[in-house]
There are 4 protein chains.
Amino acid sequence: MCRWMAWSGQPLIVEELLFKTEHGLVDQSLHSRMGVETTNGDGFGLGWYGQGEGPAVYRSIAPAWGDANLRELAAHVEAPMFIAHVRATTGTAIQQTNCHPFRHGRWLFVHNGVINGFHELRRDLMLAVDPSLFPNIEGSTDSEVVFHLALTFGLEDDPIGGVEKAIGFVEATAEQHGIENPVQASMGLTDGECLYAFRYSTERKSRTLFSSCDAAAVRELHPQNERLQRLQDEDRVVVSEPLADLPGVWESIAESTVLVVQPGPDEHRPFRPQVPAQAAAI
Amino acid sequence: MCRWMAWSGQPLIVEELLFKTEHGLVDQSLHSRMGVETTNGDGFGLGWYGQGEGPAVYRSIAPAWGDANLRELAAHVEAPMFIAHVRATTGTAIQQTNCHPFRHGRWLFVHNGVINGFHELRRDLMLAVDPSLFPNIEGSTDSEVVFHLALTFGLEDDPIGGVEKAIGFVEATAEQHGIENPVQASMGLTDGECLYAFRYSTERKSRTLFSSCDAAAVRELHPQNERLQRLQDEDRVVVSEPLADLPGVWESIAESTVLVVQPGPDEHRPFRPQVPAQAAAI
Amino acid sequence: MCRWMAWSGQPLIVEELLFKTEHGLVDQSLHSRMGVETTNGDGFGLGWYGQGEGPAVYRSIAPAWGDANLRELAAHVEAPMFIAHVRATTGTAIQQTNCHPFRHGRWLFVHNGVINGFHELRRDLMLAVDPSLFPNIEGSTDSEVVFHLALTFGLEDDPIGGVEKAIGFVEATAEQHGIENPVQASMGLTDGECLYAFRYSTERKSRTLFSSCDAAAVRELHPQNERLQRLQDEDRVVVSEPLADLPGVWESIAESTVLVVQPGPDEHRPFRPQVPAQAAAI
Amino acid sequence: MCRWMAWSGQPLIVEELLFKTEHGLVDQSLHSRMGVETTNGDGFGLGWYGQGEGPAVYRSIAPAWGDANLRELAAHVEAPMFIAHVRATTGTAIQQTNCHPFRHGRWLFVHNGVINGFHELRRDLMLAVDPSLFPNIEGSTDSEVVFHLALTFGLEDDPIGGVEKAIGFVEATAEQHGIENPVQASMGLTDGECLYAFRYSTERKSRTLFSSCDAAAVRELHPQNERLQRLQDEDRVVVSEPLADLPGVWESIAESTVLVVQPGPDEHRPFRPQVPAQAAAI
């Protein structure tokens, strides 16, 4: 059912979080402890904002734990913002275009969860995608369609609103089809400046999602831990499940909430799906 | 721009045609002589009717010339009907779900050519696919959409009519978008009993397509050629380009024509795109 | 640490054992219950004796559970003898040439286990391989070297003796290097006529290995089980772990033993590593 | 038969040379003009000295022209030294461990060419590799063995001498086996500080190899070419075949010569294979 993580803060060599933690994302690909599936071996992806223009994306259908190139990149890419995802397919094909993150311009998007009844809903959801965006859908996942719906509904100008409308539209469409509890989602979104971490499900029993606590507090709690001592005030990690069992380091992101990681104080905002006006008219 | 071939006749070990001919399909993947592109290295596929139920499909994104598994299968699969395809992408992703043949029930479909302006037409064409078939579209190629349009328009009951309506619909849609010469196609279709080989393009300058001549005539012309002497009366090969430079062995399939390879005498029929009634109403 | 299975008996569609059993090999690739590792996702292989000459081998670095082609082949290949393997690497590269089964002429070989200290022993072991066989080693696994040692020591004329000498040679070489408990092995070997299933480790604590019980007894025990009722007297399955929890269907192959599945009554013979004469002289 | 290129100079985004030139290496993978084979589609590799410790290596078995990840990396990796290689196998397996560059510590090595009779020579050559280096050989190419021979013969202290001894040893071994013209090689070697470009073959008819001319001269010759105007005095490109048809930009590296690209004036030195003392004693 996938796992993901994101880093926002001082420039960091990716492997510090992906490989060198006790229970990093690559370890989670092989042995997830909190996921619906214990194995997330159906491909992975890494997106980062570093050298060159715009975000880079490396995606592969190999399991993350065995991909030699991922180890290379993780050891040789440094970035102030990156987002990684390991996939466990819920039935769609194992192919690069189904691996997260998905990209549009400066934006990257990842999703852990599922749209229930997607097989039945897929056509209606795709029809609602803006015709100019439609040709950009390359794969067959529910996640890529959700991202393009959010883009359709204004994500680039209003990221939270765009996602709220996308999810609201999915729920409205599902209701027309008599599908219950359509949305199960923990989602990450970033433009390289801000990071949005969403936790939401129709039934209000969402997949786990955690963020690292205030860096100053973390440093004070663990004075002997060298790695944690290097944390700076603007550093923040978001993860599907904690990278290590350290008290006071991780806090759960609340149900139906979005955490906004940004320059200055971060914010927790409510996440309220909306039925978009243009869709209501369909 | 792809190459394909098909065999219909006595049960044959696949490698006899794929690897053991002077200029077989795998050689064409590396050095096509008549194709728009000389290299067809963006994946391949093999479909066959042999053991087990229904057709089997093996598809890979590796170049055909270098895939060790293809050599194994070709040497160990025997079938009275098989169809193979090597791909040169016109821009869509290199992934298994974009490799031919495409399958629906007992049917296999391959396409060499292109829908011009597909990026622009894709949404309209996909909307015309029957909602019950829509979720089966797994990849992002024009070819897979054409196949699902043909299925929508009755391919299973009337194979030639289904394809004529699909192509007619593409041409009508392209006209609405002001796109010229939308269809360039050599296509193969089979249910394991009959093989249909279509050659058509809107501008009437279609990709090459050949069939082997009458087996009796071929045997008589080449009495010293052991392989050709083994040809039986019902055997027929269809190829994008001849497998070897042998006089009297290959005949070009005429423009705007479909060759029907079937038990008893084969037939050449005209191919006339039609605008389907249901689409006309859209 | 790998899992494997083999079938010898009436011609069978491969998927019957690979996919359609309660806890078949592909399920074991994702959730092994008795293996050292629970996930065997570092590639797989299938070898069979069917159409065409000699054994066919299909190997892939994708996890078995997600490989679309494996599903296709399993549903469309029928054979009286086949052997399949799912891999969990102990450190060597994930590549086709490291996937089992390994082949030499009519012979196929699979191995679940490890040569401890192989990194240190590799050179000495490879030097002992017959120079005419040396160039055939394409990968970097301990298993492939063991197979080529067995071939060097006469496997083709005396299969059990060849393997006993290979293992004896590994143990003798390890002793020179001060490596304890060098061999941990459950191995499968077949020429398409007989199937040899070895269970051995230097410390006499070998990986699990089971065979199906006498077909007549199995049928009698489970009169309501349609699949088991179809078992014929010469049918035999060998597996790293049972395919289903059915009492009286599976028996453990004893420590330091080789089961010979052959026309007529099968045999259990002792397995006693020998130091080969030619190696003793090195 | 492979193609390669290397950059040494000011930090450069890799795609500038790999993709944005008229006839860059990726274009050469599809349409080589000077190579023995026109298609170099059996994998590729890119090594660079940038962020993180030591050189990074990205290798893939996909054709370079179709690998989406290569495009991503090329657009987002900036380095003052990088080396890239596209492969056309001469028979050995298509697998990552057979893709160039090969790495040892800070060193990267690429090879375009072939050791004739390698199948026969492989065992003798591998035996001469230092036992401590032997386990590092992961693939099955002649190139990787040549690199490990050069390491055995002192490459890290004396790069040119190490390669001269490796080639001398191959030639001596081939002579013992009665193999003529064993070595055909254009090779690249770097530790991130200096770049060595070797051109040598036993028969003195070596594969093509070019370097860019003195940057000042190039700028003066092409005052209108913006890209060339950005060349700085220490910048140097080495390529199997010129990236564009520009007069005065490329000079052929002479037969039996090694170009040393280094801080300060570069040097052309003779390349003279030597039979290493320790090997002579074997």
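The values are calculated or read from the model by the stated rules, or taken from the named source; none is laboratory data. All values derive from a computational prediction rather than experimental measurement. Glycine also receives a Cβ, built like all others from the backbone with ideal geometry; neighbour counts cover every protein chain displayed. Heavy atoms of the whole protein, side chains included, go into the accessibility calculation; ligands, DNA and RNA do not. Shrake-Rupley method; radii C 1.70, N 1.55, O 1.52, S 1.80 Å.
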### Message
Any residue that is open to solvent by 30 Å² or more (accessible area, probe 1.4 Å) and in contact with a His (Cβ under 7 Å, 6 or more places away or on another chain) - is there at least one of those in region C:67-83?
### Response
no
### Query
Out of (1) touching a helix residue (DSSP H, G or I) at 6+ places or on another chain (Cβ under 6 Å); (2) farther than 19 Å from D:ASN69 by Cα, what's the single condition that is false for A:HIS31?
(1)
### Message
hydroxyl-bearing (Ser, Thr, Tyr) and within 20 Å of A:LEU259 (Cβ to Cβ): which single residue out of A:THR173, A:THR152, A:THR208 fits that description?
### Response
A:THR208
### Task
Being surrounded by fewer than 23 Cβ atoms within 10 Å (Cβ to Cβ) and polar (S, T, N, Q) is the filter; apply it to region D:164-200 and report the residue that is farthest from the chain's Cα centre (by Cα).
D:GLN176
### Count - residues of region B:93-120 that are under 19 Å from D:GLY66 (Cβ atoms), more than 8 Å from every other protein chain (Cβ to nearest Cβ) and over 12 Å from the mean Cα position of the chain (by Cα)
3
### Count of region D:35-90 residues which are of a type in the set (Lys, Arg) and either under 30 Å from D:ASN116 (Cα atoms) or away from chain A (no Cβ under 14 Å) (or both)
2
## Note on the structure
In region B:123-150, anything of a type in the set (A, V, I, L, M, F, W, C) and either assigned to a loop (DSSP other than H, G, I, E, B) or at the interface with another protein chain (Cβ under 8 Å from one of its Cβ atoms) (or both) is listed as B:MET126, B:LEU127, B:ALA128, B:VAL129, B:LEU133, B:PHE134, B:ILE137
### Task
Read through the list (1) over 22 Å from D:ALA88 (Cα atoms); (2) touching a helix residue (DSSP H, G or I) at 6+ places or on another chain (Cβ under 9 Å); (3) modelled with pLDDT of 95 or more; (4) not in a loop (DSSP other than H, G, I, E, B), then give the number of the only condition that D:ILE179 fails.
(4)
### Query
When you go through D:ARG236, D:ARG272 one by one, which is the residue that is open to solvent by 20 Å² or more (accessible area, probe 1.4 Å) and out of contact with any strand residue (DSSP E or B) (no Cβ under 8 Å at 6 or more places or on another chain)?
D:ARG272
#### Entry: Filtered residues of region C:108-122 (kept if of a type outside the set (Gly, Ala, Ser), open to solvent by 20 Å² or more (accessible area, probe 1.4 Å) and not in a helix (DSSP H, G or I))
C:VAL114, C:ASN116
### Task
Considering every residue within region D:39-52, establish whether at least one is free of Cβ contacts under 8 Å to residues at least 24 places away in the same chain and in contact with a Phe, Trp or Tyr (Cβ under 8 Å, 6 or more places away or on another chain).
no
### Query
Within region A:3-25, how many residues are away from every other protein chain (no Cβ under 13 Å), touching a helix residue (DSSP H, G or I) at 6+ places or on another chain (Cβ under 8 Å) and crowded, with 24+ Cβ neighbours inside 10 Å?
5
### Message
Need the failing condition index for A:SER32 against (1) open to solvent by 40 Å² or more (accessible area, probe 1.4 Å); (2) under 22 Å from A:LEU243 (Cα atoms); (3) not hydrophobic (A, V, I, L, M, F, W, C), just the number.
### Response
(1)
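Against the condition modelled with pLDDT under 95 and open to solvent by 10 Å² or more (accessible area, probe 1.4 Å), how does C:GLU220 come out, does it pass? Walk me through it before giving the result.
Details: modelled with pLDDT under 95: yes; open to solvent by 10 Å² or more (accessible area, probe 1.4 Å): yes.
Considered against the rule, which asks whether it is modelled with pLDDT under 95 and open to solvent by 10 Å² or more (accessible area, probe 1.4 Å), C:GLU220 comes out as yes.
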### Selected residue (only one of B:VAL258, B:VAL275, B:VAL237, B:VAL218 is in contact with a helix residue (DSSP H, G or I) (Cβ under 7 Å, 6 or more places away or on another chain) and either free of Cβ contacts under 8 Å to residues at least 12 places away in the same chain or assigned to a loop (DSSP other than H, G, I, E, B) (or both))
B:VAL275
### Query
Which of (1) under 21 Å from D:GLU144 (Cβ atoms); (2) part of a strand (DSSP E or B) does D:ARG207 not meet, given it meets every other one?
(2)
